[in-house]
1. Within 10 Å of each Cβ in A:53-63, how many Cβ atoms from other chains are there, averaged over the peptide?
2. What nm value, rounded to one decimal, do you get for the distance between residue B:294 and residue B:279 when each label is placed 7 Å out toward the C-beta?
3. Using only alpha carbon pairs under 8 Å that are at least six residues apart, calculate the relative contact order of chain A and give it in whole percent.
4. With the alpha-carbon atoms as the only input, what is the per residue convex hull volume for the protein assembly as shown in Å³?
5. Using a 7 Å offset from the Cα along the Cα-to-Cβ direction at both residue A:192 and residue B:123, what is the distance between the two label points in nm, to one decimal?
6. If I model a spin label at residue B:305 and residue A:30 as a point 7 Å from the Cα along the Cα→Cβ vector, what separation in nanometres do I get?
7. Once R0 is set to 60 Å, what does the formula 1/(1 + (r/R0)^6) return for the Cβ-Cβ distance between residue A:215 and residue B:259, expressed as a FRET efficiency to the nearest 0.05?
8. Output the 0 to 90 degree angle, nearest 10, between the alpha-carbon long axis of helix A:2-15 and the longest principal axis computed from the alpha carbons of chain A.
């Protein structure tokens, strides 16, 4: 009931402005782009103005990793939000959010390669093989690549909607592995990674519920 | 004749900011920041201004001091691991501002396998000893390091006064347990109170000190006020802070981090670049304030003094 009324309210608010919606989305995308860039600008500013404490390299490495994880989870919010509000246009922002997750993951990876290991490839390889939390982080980054490559409209068409959708379920794995990566590097206080694990569980749980409901409906 | 020619990068004397002005500006900024924080986080006490800290005037220099560049006072007092005040690096400096509560004298209990046990007030405990400056490297198990000018005295001198018996094989140290003053203890991140330990020969070693200050001033709460252990050849977590109990024991004490995770943290925890933490390498470290990482040294560079304590021991097994 609540769900229906939310949907009714939002769709009535939108439909009257339908004509302008294309222009609006373009503007909103620009705003969203700047908002998504804000954590990066903060890191740059903080790093060069010495506002990140006594160990700024560690701080930017952590922040970029954290934002990669956050953007993964934000991306996974889009579909449940669509179900909740009926605002199907939301899906138009999803690609940008996903690409920002990749952007922050790349920054995170480059900081590790450059400022933690100073591009000492033999040491890096040893790290990837020997340290499970680095292994998970590395696999995670590699797993993001096919998602990025197939993110263009052309690629969606080439793959076909169903196959594309199947491939992009990889996002669930990446998000889960990112949580594990975070959990594995914590010394004793697991509170923060656990919060992200709970958020992810809710986002995945909602999908399972939704799928179950659809099955039921289609069987009737 | 000596003529001082001014290099292009030398500032003329007239353009150098007067030290007092510079310091006032810093102080103004600090006050502004702490006031800002205080209004944002209601439970934060205003930190004691650094100028009000007790200053130690005459300090004996030590042959054990390193001449490496010291880490800044600011970094040493704002980048801390002291889980009793929270698990982030900033939490101790934010929440330990008024620690320890000065309305009651700090007491340290010395007991266990010794002939002269007793409870000592801070002044009573420290007074008999000549304070020295010891500039030591400090290597954290997490892979970063500092150079800190501690003020203190050899732990061994205090232990000798207590006259340990032949049963005293180890020394166990305990941090204060007081969730009122230490908000981090309200959550079970570790099994409070924090316990650390040393083998008796490690405890008696001249490098091992009890510290009461740094940079010529008394310790701030975040650094383990009013009295803490410093064992420079071991990972930082062995150097237990804000000590209330020193106990001579026969059996190896079960220390806080061993209790929390015995596969990752050992009783000895000597700095050792050849024995990795299960989750990360210990071969290198980032010296706070430096850009490139440097190699970690065996026993944190104190091998000449302490390697003999472990001769014949498999340090991979006894990590």
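Read-outs throughout are calculated quantities, based only on the coordinates presented, and are distinct from any laboratory measurement. Just so it is clear, the structure is predicted and the values come from calculations on it, not from any experiment. All Cβ positions, even for glycine, are placed from backbone atoms using ideal geometry, and neighbour counts span all protein chains on display.
1. Details: counts 9, 15, 8, 3, 5, 7, 1, 0, 0, 0, 0.
Mean partner shielding for this stretch: 4.
2. Taking the two extended label points, one gets 2.7 nm.
3. 19 percent
4. Working: hull volume 134.5 nm³, N = 539.
Taking the convex hull of the Cα positions in the protein assembly as shown, it is 250 Å³ per residue.
5. Calculated label separation equals 4.3 nm.
6. So the label points at residue B:305 and residue A:30 sit 6.4 nm apart.
7. On the way: r = 49 Å, r/R0 = 0.81.
Working from the Cβ atoms, E equals 0.80.
8. Once rounded, one gets 80 degrees.
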